[in-house]
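**Student:** A single structure is presented below for examination.
All of the numbers you see were taken from the coordinates with simple rules; none came from a lab. Bear in mind the structure is a predicted one, so any value in this text is a computation, not a measurement. So basically every Cβ, Gly included, is an ideal-geometry build from the backbone, and we count neighbours across all protein chains shown.
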Amino acid sequence: MITVIDLGISNIGSVSKALRYIGIEHVVSDTPAKIRKADKIIFPGVGNFSEAVKRMESLRIRDILKERVLANKVPLLGICLGMQLLATYGEEGGGAKGLNFIKGRVMFHRASQHGLRLPHIGWNEVDCRDIRLFDDINNKSCFYFVHSYEFITDEPVKVGYTNYGCDFVSVIQKDNIIGIQFHPEKSQKVGLKIFANFCKGKI
């Protein structure tokens, strides 16, 4: 079963609607028991890094995620804030320790240094090669973004890039763990294809 994690601060309704539209059975849950039974995990997110970490702790799902994703190699797709939470540390909201699934830091987007508006909102190209999640999607297809922070990697992993004042990591993959900074649930046909590929095991 595919489990969509609900921290109570995410756009779960839009993600669930997109999955239903393409016929993907799933459950939405914030309970360790259901996460432990997941065959695949989708971790959406909209909101504040530090607040999301507090909610993970209060729901007691951090250790369950480590068990399922790191030990049992269950595929995980992190979306936007869900991708950022994969990092070692995030500075938003005063700073907090992330899941440390992929070594790196989540910092205020460098676009601010180039006079560009943040949050970064809108459609932008994703330059992504050799990542199976993008099978049958044209390279440099456009996806929808809403974010003010970016993931700075501290280890060699597969990545894809988007340019917004500078090239930033918009896709990141390490083994069974993949993160995307954009919102597939808001990215029309190409976004639905991302969900379909993940649910079919293309990771």
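**Student:** Once the Cβ-Cβ distance between Ser50 and His114 is put in as r, and R0 is 22 Å, what FRET efficiency do you end up with, to the nearest 0.05?
**Tutor:** On the way: r = 26 Å, r/R0 = 1.18.
Efficiency, rounded to the nearest 0.05: 0.25.
**Student:** In the chain, if the dipole is taken from +1 on Lys/Arg beta carbons and -1 on Asp/Glu beta carbons about the Cα centre, which of Ile9, Val106, Cys166 is farthest to the positive end?
**Tutor:** The Cα lying farthest towards the positive end belongs to Ile9.
**Student:** Related question: State to the nearest 20 debye the size of the charge dipole of the chain about its Cα centre, where the only charges are +1 on K and R beta carbons and -1 on D and E beta carbons.
**Tutor:** On the way: 28 positive and 21 negative charges, 91 e Å.
Dipole magnitude for the chain comes out near 440 debye.
**Student:** How large is ³J(HN,Hα), in whole Hz, for each residue of segment 100-117 in order, when computed from phi with the Karplus curve 6.51 cos²θ - 1.76 cosθ + 1.60 and θ = phi - 60°, using x for Gly and Pro?
**Tutor:** 6, 6, 10, 5, x, 10, 9, 10, 4, 4, 5, 4, 4, 6, 10, x, 8, 6
**Student:** Then there is this: Relative contact order of the chain: what whole-number percent is it, with Cα pairs under 8 angstrom and at least 6 residues apart? Could the numbers behind the result be given before it?
**Tutor:** Working: 455 pairs, mean separation 39.6, N = 203.
For the chain, the relative contact order is 20 percent.
**Student:** For His147, His114, His109, which order do you get if you count the other beta carbons within 10 Å of each Cβ and list the fewest first?
**Tutor:** Details: His147 24, His114 10, His109 20.
By the 10 Å Cβ count, ascending, the order reads His114, His109, His147.
**Student:** Sequence neighbours fewer than 8 away in the same chain don't count; with that in mind, list the aspartates and glutamates whose C-alpha is under 20 Å from Lys189.
**Tutor:** Glu25, Glu125, Asp127, Asp135, Asp136
**Student:** Taking a point 7 angstrom from the Cα of Asn72 along the C-beta vector, which residues in segment 8-27 have backbone N less than 17 Å away?
**Tutor:** What the label zone holds, given the 17 Å backbone N cut-off, is 26-27.
**Student:** Here is a follow-up. Can you list residues whose amide H is under 5 Å from Ile42's amide H, if they're 5+ apart or on another chain and H is modeled 1.01 Å from N?
**Tutor:** Those lying under 5 Å, H to H, from Ile42 are Thr3, Val4, Ile5, Leu77.
**Student:** Taking amide H positions as placed in the peptide plane 1.01 Å from N, state which residues far from Ser170 in sequence (5 or more) or on other chains have amide H under 5 Å from it.
**Tutor:** Sorted by chain and number, the residues that satisfy this are Gly160, Tyr161, Thr162.
**Student:** Taking the beta-carbon count within 10 Å as an exposure proxy, list Phe43, Phe108, Phe151 from fewest neighbours to most. Mind dumping the intermediate values first?
**Tutor:** On the way: Phe43 30, Phe108 13, Phe151 26.
Fewest-to-most ranking of Phe43, Phe108, Phe151: Phe108, Phe151, Phe43.
**Student:** Which three semi-axes in whole Å describe the equivalent ellipsoid of segment 51-109, each the square root of 5 times a Cα gyration tensor eigenvalue, listed largest first? Don't jump to the answer; show the numbers that get you there.
**Tutor:** Details: eigenvalues 73, 36, 17 Å².
Ellipsoid half-lengths, sorted descending, are 19, 13, 9 Å.
**Student:** Only Cα pairs within less than 10 Å get springs; with that Gaussian network setup on the chain, which residue of Val126, Val157, Val69 has the largest fluctuation?
**Tutor:** Among Val126, Val157, Val69, the largest mean-square fluctuation in the Gaussian network model of the chain belongs to Val157.
**Student:** If you take semi-axes √(5λ) of the Cα gyration tensor in Å from the coordinates, which of [x] 23, 20, 15; [y] 59, 13, 10; [z] 27, 19, 18 do you get?
**Tutor:** Recomputing semi-axes √(5λ) of the Cα gyration tensor in Å here picks out [x].
**Student:** I'd like the Karplus ³J(HN,Hα) series for segment 24-35: coefficients 6.51, -1.76, 1.60, θ = phi - 60°, whole numbers in Hz, and an x wherever there's a Gly or Pro.
**Tutor:** 9, 6, 7, 10, 10, 8, 10, 9, x, 4, 6, 5
**Student:** For segment 9-130, please report how many Lys pairs fall under 20 Å Cα to Cα, leaving out neighbours fewer than 8 apart on the same chain.
**Tutor:** Within segment 9-130, the lysine pair count is 15.
**Student:** Among His183, His26, rank each residue by its count of other Cβ atoms within 10 Å, from fewest to most, as a rough exposure measure. Before the final figure, lay out the partial values.
**Tutor:** Numbers: His183 23, His26 18.
Lowest to highest Cβ neighbour count: His26, His183.
**Student:** Would you please name the GluC sites (Glu not before Pro) within segment 1-88 that are DSSP coil residues with at most 13 other C-beta atoms within 10 Å of their C-beta? Don't jump to the answer; show the numbers that get you there.
**Tutor:** On the way: sites: Glu25, Glu51, Glu57, Glu67; in loops: Glu25.
Answer in residue order: Glu25.
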